[in-house]
């Protein structure tokens, strides 16, 4: 069984590399946030693995984008590939969005590889490293059990993948070499990250020019968490105060105008003005409860 799994993984990787060296229709560039040295974001809220990258569930992640230019604009579009990385004490969370794939009828193969033994070689075939292969709705885990990895894939506007990988798979290492391949069958579209990642299959244990490296985030200091909560509370109180002051000022300074509006049946105008203050106050309450400003910035 192991030989079959490793053989399948090697076959996929061979296809990807052959495609990339013979006929790449698309070209990759370093996007605005492209990096091969990634510090994952710390999260206390694990994402829901459903193949949909929600803004709030991945708000703590470090995001890498890679510009991708295609020639076949009928099936694909010039766009970015977005990679998300974050972790908690037990799991590394990775999300991948292939933004250039705009046709849901194409078959996509995705492979994540991790240099778990830090040898610098790509040794999935020998079981020294770990990886995950996704072909359609079929998923294969290499070098770890499915108790150590969870996965979801969905196609909305483009293929989107979400993974949770047990940190125990990496032997307590904080810096984890990483790469990802993606191939679109029948169209010679191949994505390889990092861009200068090269695999030579002349040797059984293949060598790589370079890996991207994920540095796991550590548990935040309690003082930092308390400071964040204090900031959230302060912002919330300020907003609540502004909303209350606006309405009090409106009532005191424009009492006669308000009475005239009520007498003329124009209460809606009054409610609209006062509604702004109420909304600001409600946003202040939500800020204290959920720190939504922290989610944005």
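Give segment 75-100 a look and list any residue that's assigned to a strand (DSSP E or B) and farther than 18 Å from residue 54 by Cα, or say none.
76, 79, 91 - these are the residues of segment 75-100 that are assigned to a strand (DSSP E or B) and farther than 18 Å from residue 54 by Cα.
Checking the structure you have, find out if any residue of segment 134-147 is on the phi > 0 side of the Ramachandran plot, at pLDDT below 85 and crowded, with 22+ Cβ neighbours inside 10 Å. Outline the logic, then answer.
In the first step, residues of segment 134-147 are kept if they are on the phi > 0 side of the Ramachandran plot; the result is 136, 143.
In the following step, the residues that additionally are at pLDDT below 85 were identified as 136, 143.
Among the residues that remain, those that are also crowded, with 22+ Cβ neighbours inside 10 Å are: 143.
Yes, segment 134-147 contains at least one residue that is on the phi > 0 side of the Ramachandran plot, at pLDDT below 85 and crowded, with 22+ Cβ neighbours inside 10 Å.
Which residue, of 248, 276, is in contact with a helix residue (DSSP H, G or I) (Cβ under 9 Å, 6 or more places away or on another chain), surrounded by fewer than 12 Cβ atoms within 10 Å (Cβ to Cβ) and part of a helix (DSSP H, G or I)?
248
Tell me, which residue of segment 106-133 that is assigned to a strand (DSSP E or B) and at pLDDT below 75 is nearest to residue 183 (Cα to Cα)?
122
Which residue, of 103, 72, is over 19 Å from residue 36 (Cα atoms), assigned to a loop (DSSP other than H, G, I, E, B), in contact (Cβ under 8 Å) with a residue 60 or more places away in the chain and in the same structural domain as residue 41 (by TED's automatic domain parsing)?
Just a single option satisfies the conditions, and that option is 72.
Can you pull out every residue in segment 204-231 that is farther than 26 Å from residue 82 by Cβ, in contact with a strand residue (DSSP E or B) (Cβ under 9 Å, 6 or more places away or on another chain) and at pLDDT below 75?
Once the filter is applied, which keeps residues that are farther than 26 Å from residue 82 by Cβ, in contact with a strand residue (DSSP E or B) (Cβ under 9 Å, 6 or more places away or on another chain) and at pLDDT below 75, segment 204-231 yields 205, 206, 207.
The values are calculated or read from the model by the stated rules, or taken from the named source; none is laboratory data. All values reported here derive from a predicted model rather than from experimental measurement. Virtual Cβ from ideal backbone geometry, glycine too; neighbours counted across all protein chains shown.
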